[in-house]
Amino acid sequence: MSEKKVRVRFAPSPTGPLHVGGVRTALYNYLFARHHGGDFILRLEDTDQTRFVEGAEQYIIDSLKWAGISPDEGQGFGGDFGPYKQSERKAMYKPYADQLIEQGKAYYAFDTPEELDQMRDNAKKMGMPNWQYNSITRSNMKNSLSLSQEEVEERLKNGDPYVIRIKMPRDMDIKFEDIIRGWVSVNTNNLDDKVLFKADGMPTYHLANIVDDHTMEISHVIRGEEWLPSAPLHQFLYQAFEWEAPKFAHLPLILKPDGPGKLSKRDGDRLGFPVFPLNWTNSEGEVYSGYKESGYFPDAFVNILAFLGWNPGDERELFNLDELCKEFTLERVGKSGAKFDPDKAKWYNQQYLRQRSSDELADLLKGYIAENGLQNTSFEMAPICELMKERATFIKDIYEDGKYFFEGVTSYDEKTTRKKWKEQTTGIMTEWLETAKSIEDYSADHVEEQFKAFITSKELGLGAVLPNFRLLLTGVGSGPSLFSIAEILGKEEVISRMETGIAKITELKSQEA
RNA sequence: GGCCCGUUCGUCUAGUGGUUAGGACGCAAGGUUUUCAUCCUUGAAACAGGAGUUCGAUUCUCCUACGGGCUGCCA
C-alpha cells in the first residue's frame, strides 16, 4: 500500500502574515516528514489574485526559517516539482478542468457573480439561508447542462465569461478515513457544484490543490480543521480523475484564550501576547507583535506549538525539535480545539532560557543590547547572566532586572529607602565602607565573610543592614545574592557606589526632615 | 437555518469497562532565602446532562445541551 515515499506540504495562502495556527500546521507537517524520513514542501496557494499582500510570501519563508523548520523543497527552497507557486503553474490547470468537462463530470456555467448574489439574496428572503448551486438548482441556471448546445457554443465563441463547475451527483455517500478523526461520511446532496475554474482563468483552491498534490506526489495532507467540510469534494475529485488520494489528517484549531472562536489577528495585542511568529507591519503601518521580537526562543516557540494538540503520552513536556521529530505521530494528535495559554508559553520560554549556558545567554544579551541601542557594560556579561538567569523569562529580563550592571545606579528605590534606611544607617554604612576599602579579595565568599564579621562585631542583624548595602550597590530593594553582585562589580566600583550612595541618600533623608 | 467535527480540573492534557481519575501551567498555603525570583512540600480544582448496553460505565451506543468549523468565481 504505502510503499510510497512520505511527502507532505504546507500550503498557505500568502494573503497576510502566518499566525501561530499556520505555523503549527507547518510544524506538524515538518515533524511528520522528519519522523518518516520524507520530504516537507512549501507551496504557495495564491490563486486569488485580488488578495495579494506585499511581503506575505517572504514573511512565510522567514517565519519557517526562524522556527527552524525550513522546507526541503518549495517556494524559495528549490526542488524538482516546481514551480511551487500556483500563480506560476496557471497553465497547468485548464487541461484538467477540460478533461472533466469532456467526461461529463463538470460543466460550464455562465451566471454572473451579480446573478448569483441575487439568487442567494432572494432565497434568503424566502427563508432559505443556504441556497446552493447544486444538482437541483443548476437546471434553472445558465450553464451547459441547462442551455442548448448551440447557445453554449455561441457563448464560448463570443468569449462570454464562464466558470467551470463540478457536477456533483445526487444522493451518493462519500466516505474517507481521516487519520485523526476516523471515518467521515457526507452525502452529496449536501454538497454543491463548486467552481473549479474561475472566469479569470485561474483555478480555485479546490482544483489547484488536487492537481498539485497529485503532481507533486504528496502522500499525506495535513491541514487545519477548517478544510474538513471540503475534504469530501476533494475526495470526489480524486475519484473523478481516477487518482489515488493521499491520506488526510485534519488538525484541531487553536482557539482564543478568552471567549469563543478561533484565534485571530487582533487577539494577540488585545490580550498581550503575540499570535504571529515575527513582527508584521500591515499596509496601514500598524504593527502586530511576533514571538521572535517578544523575546521567545525558536525552540521554546516550537515546543509550545507542538504541545497545542499533541503530547507524547507520558509526562514529559520539554522537547527540542530533534526529540519531537523522533516522537511525533499523528495518532497522538488530539481531536478538540485548544485554547492558547499565554502563561504556559512564558513558562516554556523560562525553561529554555535556563537550559542555556551563561556564555550563550551573554551573546544573546549582547545582541539584545546592540539591537535596542541600550547601555553596554564593562563588566563580564557571562557572570551577570549566570546570576540573573534563575529569575528571568526572557533575555530582556536579564537586562531590566540587572539594569544596575549596565546603567549604574540612577535612583534609589523609594520604599526601601524609607523603610530600611534609619538614622543610624549612614554611620553604619560609612564604617562598613572603611572596612570594605581594606578588603582586597572581592570574591563573593570573601566579601560575605567580611560583611558577616562586620555586623557581628557591631551586634547588628543581617536584615537591618544588608538591604541598605544592596541599595547602595544597586539602587533597588531586591535581587540575587548581593555578594555575588559585589564580586562582579569589583572593589573599585563597590567603593565608588557606596561613597556616592551614602552621600545621596543622606542628602535625600535630610531634605525629607 | 443546513452540513460536518468536537466535549476530562480555569487552561493544556494523560488515562481505563471496575483507578484514591495522573501530570503541567496558573492559583492558594507553608518551608528555604537578607530580599525578589528560583527551589521544595502541601492544597483547592474535572469526566456537560439524560437515556440505554452491562454485574459495573468517565470509558461503548443514542438523544439533548454546549463549543467550533464550513456554508464565495477566498484560501
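Points worth noting:
- Put the Cα centre of the stretch A:446-501 next to the Cα centre of the stretch A:194-243 and the gap is 70 Å.
- Spacing of the modelled spin labels on A:Gln375 and A:Glu54, each 7 Å from Cα toward Cβ, amounts to 4.0 nm.
- The stretch A:93-208 - charge dipole about Cα centre, Lys and Arg +1 at Cβ, Asp and Glu -1, debye rounded to 20: 300 debye
- Between the listed residues A:Phe248, A:Thr430, A:His214, the Cα displaced farthest toward the positive end of the dipole of chain A, a dipole computed from Cβ unit charges relative to the Cα centre, is found at A:Phe248.
- Using alpha-carbon coordinates, inclination of helix A:342-355 to the longest axis of chain A, degrees: 60 degrees
- In degrees, nearest ten, helix A:358-371 long axis to first principal axis of chain A (Cα): 80 degrees
- Spin-label model, A:Thr15/A:Glu331: points 7 Å from Cα along the beta carbon direction are separated by 3.7 nm.
- Per residue, the convex hull volume that the Cα atoms of chain A enclose (Å³): 203 Å³
- Note on A:Thr500/A:Trp243: beta-carbon distance plugged into 1/(1 + (r/R0)^6) with R0 of 51 Å gives a FRET efficiency of 0.05.
- To the nearest ten degrees, helix A:56-67 and the longest principal axis of the Cα atoms of chain A are 50 degrees apart.
- Two-site FRET efficiency, A:Lys157 against A:Glu407, from Cβ-Cβ distance with R₀ of 51 Å, rounded to 0.05: 0.05
- Measuring between alpha carbons in the structure, the pairs from A:Lys265/A:Lys344; A:Lys256/A:Lys335; A:Lys198/A:Lys265 lying more than 22 angstrom apart are A:Lys198/A:Lys265.
- Look at the alpha carbon pairs under 8 Å that are at least 6 residues apart: their mean separation over the length of chain A gives a relative contact order of 12 percent.
- Rg and Dmax of the stretch A:336-457, based on Cα coordinates, read 19.3, 67 Å.
- Most tightly packed first, judged by the mean number of other beta-carbon atoms within 10 Å of their residues, the peptides A:209-216, A:113-120, A:284-291 read A:209-216, A:284-291, A:113-120.
- Subset of A:Lys85/A:Lys167; A:Lys142/A:Lys194; A:Lys415/A:Lys452 violating a 20 Å alpha-carbon distance limit: A:Lys85/A:Lys167; A:Lys415/A:Lys452
- Shown is the FRET efficiency for A:Glu459 and A:Ser230, computed with R0 = 51 Å from the Cβ-Cβ distance and rounded to the nearest 0.05: 0.05.
- Rg/Rh (Cα only; Kirkwood hydrodynamic radius) as it applies to the stretch A:356-406: 0.90
- Annotation for the stretch A:440-494: GluC sites (Glu not before Pro) lying in DSSP loop with at most 10 further Cβ atoms inside 10 Å of their Cβ are A:Glu440, A:Glu459.
- Point-to-point label distance, A:Ser87-A:Glu177, nm (Cα→Cβ direction, 7 Å offset): 4.1 nm
- With contributions of -39500 (n - 2.57) from each DSSP H run of at least four residues, the per-residue ellipticity at 222 nm computed over chain A stands at -14000 deg cm²/dmol.
- For the stretch A:409-512, the equivalent ellipsoid built from the Cα gyration tensor has semi-axes of 20, 15, 13 Å, listed from largest to smallest.
- Difference of contour (0.36 nm per residue) and Cα-Cα distance, A:Leu116 to A:Glu284: 57.2 nm
- Whole-Hz couplings from phi, Karplus 6.51/-1.76/1.60, listed for the stretch A:131-141; x for Gly and Pro: 5, 10, 7, 9, 4, 7, 6, 4, 5, 9, 9
Readers should treat all values here as calculations from the given coordinates under stated rules, not as data from a laboratory. What you are looking at is a predicted structure, and each value in this text was computed from that prediction instead of being measured. When we count neighbours, we look across all protein chains shown, and the Cβ atoms used for this are built from the backbone with ideal geometry, even at glycine.
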